[in-house]
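Please read the structure below before turning to the comments.
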Amino acid sequence: MIKPLKSSRTGLLAGVFDPVHIGHLFMVHLAMEAASLDKVWFVPTHIPPHKDKAKVPYFHRVNMLQIALSQEPKFVLMELEKEARPTYSYETVLSVKHVLGEKPYFILGSDEWEELHNWRRYDLLIKNAIFIVVPRKPITLARPEAEAIFTDMTPINVSSTYIRQRIAQGKPITHLVPKTVETYIHENHLYYP
């Protein structure tokens, strides 16, 4: 039997991270401040259930995350969705809650918050997590059935899609990803046409 970990306020950010960028890191810093989190688990998705297939293999995305998180002692890479099948957020939240012995703080953008009711097993998700919502646009939908904390600052407007487009166009991505991630991308010829 797995013993629950010592109580701590643990955040959870799941995503494709294709690639991880400064917007992800800034979003997590906002969430940590808003909810006084002790640490945040970054969970890369092997096969995203609601998005197109990732552009680079899972191992490259994990390597980029390891590099990006290496200077952040409160950021932890957790490969909870590494199986080669679609993994849903409710499954991850239930696994994390089982390990922690308490509800994790699930970090998401306001665009995702507005669509949350469409997520698979929404009922289990809202029952087993506390949400930290980072506004990407004005929040128009209240969810009284879900515990939520709202950050008061907008994250940096950058996306993995935008970064991939810049790379494909031969444009620099300096300051959009950590320098070490930029080096990894170029050394491994990721996202090039």
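Tabulated data
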read-out: Residue, surrounded by the most Cβ atoms within 10 Å (Cβ to Cβ), within segment 48-57, restricted to residues that are modelled with pLDDT of 90 or more and not β-branched (Val, Ile, Thr); value: LYS55
read-out: Residue pairs meeting the criteria (Cβ under 6 Å; at least 6 apart or on separate chains; first within 21 Å of VAL134 (Cα to Cα) and aromatic (Phe, Trp, Tyr), in segment 90-105; second at pLDDT 95 or above and not in a loop (DSSP other than H, G, I, E, B)); value: TYR90/LEU124; TYR90/LEU125; TYR105/GLY11; TYR105/ALA35; TYR105/ILE130; TYR105/ILE132
read-out: ALA35 vs. criteria more than 20 Å from VAL158 (Cβ to Cβ) and of a type in the set (Gly, Ala, Ser); value: yes
read-out: Yes/no for THR10 being buried (at least 17 other Cβ atoms within 10 Å of the Cβ), at pLDDT below 95 and either among the β-branched types (Val, Ile, Thr) or more than 26 Å from LYS179 (Cα to Cα) (or both); value: no
read-out: Hits in segment 78-96 - residues which are surrounded by 16 or more Cβ atoms within 10 Å (Cβ to Cβ) and either touching a Gly at 6+ places or on another chain (Cβ under 8 Å) or closer than 18 Å to LEU25 by Cα (or both); value: MET78
read-out: All strands (runs of 3 or more DSSP E) inside segment 98-193 with 1 or more residues being at negative phi and either acidic (Asp, Glu) or exposed (fewer than 15 other Cβ atoms within 10 Å of the Cβ) (or both); value: 148-150
read-out: Residue in segment 6-16 that is aliphatic (A, V, I, L, M) and closer than 23 Å to ILE167 by Cα present; value: yes
read-out: Test: PRO104 is in contact with a Ser or Thr (Cβ under 7 Å, 6 or more places away or on another chain) and not hydrophobic (A, V, I, L, M, F, W, C); value: yes
read-out: Residue satisfying condition, being out of contact with any Cys (no Cβ under 6 Å at 6 or more places or on another chain) and either surrounded by fewer than 20 Cβ atoms within 10 Å (Cβ to Cβ) or part of a strand (DSSP E or B) (or both), within set HIS24, HIS60; value: HIS60
read-out: Candidates GLN66, GLN71 - the one that is assigned to a loop (DSSP other than H, G, I, E, B), of a type in the set (S, T, N, Q) and modelled with pLDDT of 90 or more; value: GLN71
read-out: Inter-residue pairs, beta-carbon under 6 Å, first on the phi < 0 side of the Ramachandran plot and of a type in the set (Ser, Thr, Tyr) and in segment 9-38, second surrounded by fewer than 20 Cβ atoms within 10 Å (Cβ to Cβ) and assigned to a helix (DSSP H, G or I), 6+ apart; value: THR10/LEU100
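Conditions (1) modelled with pLDDT of 90 or more; (2) within 30 Å of SER8 (Cα to Cα); (3) among the aromatic types (Phe, Trp, Tyr); (4) more than 20 Å from the chain's Cα centre (by Cα), marked per residue:
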{"position": "PRO104", "(1), (2), (3), (4)": "yes, yes, no, no"}
{"position": "PRO144", "(1), (2), (3), (4)": "no, yes, no, yes"}
{"position": "LEU176", "(1), (2), (3), (4)": "yes, no, no, no"}
{"position": "THR183", "(1), (2), (3), (4)": "yes, no, no, yes"}
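The values are calculated or read from the model by the stated rules, or taken from the named source; none is laboratory data. Note that the structure is a prediction, hence the values are computed from the model and not measured. Here Cβ is always computed from backbone atoms with ideal geometry, including for glycine, and neighbour counts include all displayed protein chains.
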